[in-house]
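Undergrad: I am attaching a structure below and will ask some questions about it afterwards.
The values are calculated or read from the model by the stated rules, or taken from the named source; none is laboratory data. Since this is a predicted model, take the numbers as computed values, not measurements. Note that we place each Cβ from the backbone using ideal geometry, even for glycine, and neighbour counts take in every protein chain shown.
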Amino acid sequence: TVVSYRETVTEVSSQLCLAKSPNKHNRLYFLAAPMPENMPEDIEGDQISPKGELKARARYINENYGIELDEARKIWCFGPESTGPNILTDCSKGVQYLNEIKDSVVAGFQWASKEGPLCDENMRGIKFSLQDVVLHADTIHRGGGQIIPTARRVLYAATLTAEPRLYEPIYLVEIQCTEDALKNINGVLLRRRGVMTEQYAINSRQQV
């Protein structure tokens, strides 16, 4: 069986992370932080929806999770797949040409959140905040080929400086077997760090 892990962080990035574009003309600065408790579940349950009305969504996030209203209004996207339980926010101030690179930064975020730095698994429960940007004045020097890989690299750096962790899934299973097979079933569960929470008989069968 292939086990799907999720990558997350447990602290705010220990330093402001910077990545330069391949041509050295552009710089992106980011921080990563864990989302408040239960926020990823709210995103997955569509309580916080990427398609939701922006002001109402920002107010809900501010009131329930304490994220500043300004930052909650400037959520650029969710990821991976534009609906996942990670967010990219813009906390920068007065950056020239920012709108021109927004799509490229979002593309880098989608890429990074789908294939995290620990083991290429989806990220979960991480808030990435863009802190500052330095861009070349000439459009030709800040295209997608320069910005997308730079965004991915700086998001990886922000993750790795924020005490990254892996989530391992827990599966809840129901097994029906004859009584003489019970010992073997129990052995298989124990070898895989399983725990039997309940056991009862149905007619002549055991259910665990």
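Undergrad: With region 139-208 as the region, which strands (runs of 3 or more DSSP E) entirely inside it contain at least 1 residues that are under 30 Å from SER113 (Cβ atoms)?
TA: Per the criteria, 164-167.
Undergrad: Sticking with this structure for a sec: Going through region 152-196 one residue at a time, which ones are β-branched (Val, Ile, Thr) and either touching a residue at least 40 places away in the same chain (Cβ under 8 Å) or in contact with a helix residue (DSSP H, G or I) (Cβ under 8 Å, 6 or more places away or on another chain) (or both)?
TA: Of everything in region 152-196, those that are β-branched (Val, Ile, Thr) and either touching a residue at least 40 places away in the same chain (Cβ under 8 Å) or in contact with a helix residue (DSSP H, G or I) (Cβ under 8 Å, 6 or more places away or on another chain) (or both) turn out to be VAL154, THR159, THR161, ILE175, VAL195.
Undergrad: Residue pairs, Cβ under 9 Å, 6 or more apart or interchain, first in region 1-13 and in contact (Cβ under 8 Å) with a residue 24 or more places away in the chain, second of a type in the set (Phe, Trp, Tyr). List them.
TA: TYR5/TYR167; ARG6/TYR167; GLU7/TYR167; THR8/TYR167; SER13/PHE30
Undergrad: Is there a residue being surrounded by fewer than 19 Cβ atoms within 10 Å (Cβ to Cβ), of a type outside the set (Asp, Glu) and within 19 Å of LEU31 (Cβ to Cβ) anywhere in region 113-129? Let's see the steps before the verdict.
TA: In the first step, residues of region 113-129 are kept if they are surrounded by fewer than 19 Cβ atoms within 10 Å (Cβ to Cβ); the result is 114-115, 117-121.
Okay, now just the ones that are also of a type outside the set (Asp, Glu), so 114, 117-119.
Filter once more, keeping what is within 19 Å of LEU31 (Cβ to Cβ): 117-118.
Yes, that holds for at least one residue.
Undergrad: Report, by residue number, each residue of region 26-40 that is in a loop (DSSP other than H, G, I, E, B), buried (at least 16 other Cβ atoms within 10 Å of the Cβ) and out of contact with any Leu (no Cβ under 7 Å at 6 or more places or on another chain). Give the derivation first.
TA: If we filter region 26-40 for residues that are in a loop (DSSP other than H, G, I, E, B), which is where we start, we get 26, 35-38.
Restricting the remaining residues to those that are buried (at least 16 other Cβ atoms within 10 Å of the Cβ) gives 26, 35.
The one that is in a loop (DSSP other than H, G, I, E, B), buried (at least 16 other Cβ atoms within 10 Å of the Cβ) and out of contact with any Leu (no Cβ under 7 Å at 6 or more places or on another chain): MET35.
Undergrad: Of the conditions (1) touching a residue at least 12 places away in the same chain (Cβ under 8 Å); (2) surrounded by 13 or more Cβ atoms within 10 Å (Cβ to Cβ); (3) assigned to a loop (DSSP other than H, G, I, E, B); (4) in contact with a helix residue (DSSP H, G or I) (Cβ under 8 Å, 6 or more places away or on another chain), GLU81 satisfies every one except a single condition; which number is it?
TA: (2)
Undergrad: Pairs needed: first member in region 41-67, in a helix (DSSP H, G or I); second member anywhere, among the basic types (Lys, Arg); C-beta distance under 8 Å; at least 6 residues apart or different chains.
TA: Within 8 Å, the pairs are LEU54/ARG73; LYS55/ARG73; ALA58/ARG73.
Undergrad: If you don't mind, there's one more thing I want to ask. Would it be correct to say that SER92 is surrounded by fewer than 20 Cβ atoms within 10 Å (Cβ to Cβ), touching a strand residue (DSSP E or B) at 6+ places or on another chain (Cβ under 6 Å), at pLDDT 95 or above and among the polar types (S, T, N, Q)? Don't jump to the end; show me each part of the working.
TA: Values: surrounded by fewer than 20 Cβ atoms within 10 Å (Cβ to Cβ): yes; touching a strand residue (DSSP E or B) at 6+ places or on another chain (Cβ under 6 Å): yes; at pLDDT 95 or above: yes; among the polar types (S, T, N, Q): yes.
Yes, satisfied.
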